1. Quick one: which of LEU91, LEU106 is surrounded by fewer than 22 Cβ atoms within 10 Å (Cβ to Cβ) and either free of Cβ contacts under 8 Å to residues at least 12 places away in the same chain or touching a Leu at 6+ places or on another chain (Cβ under 6 Å) (or both)?
2. Please give the number of the condition ARG178 fails out of (1) without any contact (Cβ under 8 Å) to a residue 12 or more places away in the chain; (2) crowded, with 19+ Cβ neighbours inside 10 Å.
3. Do you know which residues across segment 1-26 are in contact with a Pro (Cβ under 9 Å, 6 or more places away or on another chain) and in contact (Cβ under 8 Å) with a residue 60 or more places away in the chain?
4. Can you tell me how many residues within segment 157-175 are under 14 Å from the mean Cα position of the chain (by Cα) and free of Cβ contacts under 8 Å to residues at least 24 places away in the same chain?
5. Can you name every residue in segment 106-137 that is of a type in the set (Val, Ile, Thr), modelled with pLDDT of 95 or more and over 21 Å from the mean Cα position of the chain (by Cα)?
6. Answer yes or no as to whether VAL121 is crowded, with 17+ Cβ neighbours inside 10 Å and β-branched (Val, Ile, Thr).
7. With the requirement that a residue be at pLDDT 95 or above, farther than 10 Å from ALA72 by Cα and not polar (S, T, N, Q), what does segment 177-192 give you?
8. Quick one: which residue in LEU140, LEU154 is buried (at least 17 other Cβ atoms within 10 Å of the Cβ) and more than 25 Å from the chain's Cα centre (by Cα)?
Amino acid sequence: MERTGAALIDIDGVLTVSWEPLPGAVEAMERLRAEGIPLALVTNTTSRTRARIAERLAGAGFPVGPDDILTAPAVTAAHLRAHHPGARCLLINDGDVRGDLSGVTLVEEEDAEGAAPDVVVLGGAGGAFTYAALNRAFRLLQQGAPLVAMHRNLYWRTAGGYDLDTGAFLLGLERAARTEAVVTGKPARAFFAAALTHLGADPGRTLMVGDDIDTDVLAAQRHGITGVLVRTGKYRPETQAAADGTPDHVVDSFADVPALLEGLGR
């Protein structure tokens, strides 16, 4: 690749697990800052707003602020404003991200005239993904409502182990309702494009560092970005072996990224 000019960095599983910093991650981020490398934290996290994510990371020592973070909810809001302006949206999500959904009308019930929500939006899985909530979404989809999903992640890594995520439920809804969701977070092309635009970066001079070989790394490589897979978070050797592509680089952890950049000729 050309000399690296920017870095896109996943958060969960790369910098932190259950919001606790992984060994060496803070120091590696400080080194990237000291070397003047433009960076953006790009995450499918749907449990917190950009402001709350930045607050938590900064409290753990990471030199980042809200403007350094691009979330799936923020990109979802842009999609809804562009493609479903004024729509009444039913959001099923574990966590409060309304602060990142500016310009989007969220509803839980029919309006005074009995009109149902116009669009079904799936965020991150958790306690909100009850049978009643998913069945209501299913019925709206049967009636023709479009389906927008913030991501397709099947699971994520917590301090207690792996937990099911939205993709496991999304597949069932799509098949049952015979529809296909528009996915706005990673691995969507629009998500990576938004991150590159945010940094003013060229894909050929940008790294994407992630723990998900499909959603983070191979997806970025399909868009001309150099992929770096870390062996932390949700990484599993069998998942890498079964993937339909090969990462450009594999390192043990984010702590190894500054040395990788130096070796690439930064």
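1. After applying the criteria, what remains is LEU106.
2. (2)
3. Within segment 1-26, GLY5, ALA6, ALA7, LEU15 meet the criteria.
4. Number of matching residues: 1.
5. Answer for segment 106-137, where residues must be of a type in the set (Val, Ile, Thr), modelled with pLDDT of 95 or more and over 21 Å from the mean Cα position of the chain (by Cα): just THR130.
6. When the stated conditions are applied, VAL121 passes them.
7. ALA177, ARG178, GLU180, ALA181, VAL182, PHE192
8. Exactly one of LEU140, LEU154 is buried (at least 17 other Cβ atoms within 10 Å of the Cβ) and more than 25 Å from the chain's Cα centre (by Cα), namely LEU140.
The values are calculated or read from the model by the stated rules, or taken from the named source; none is laboratory data. Because the structure is a prediction, the values reported are computed rather than measured. Positions of Cβ are backbone-derived with ideal geometry, glycine not excepted, and every protein chain shown enters the neighbour counts.
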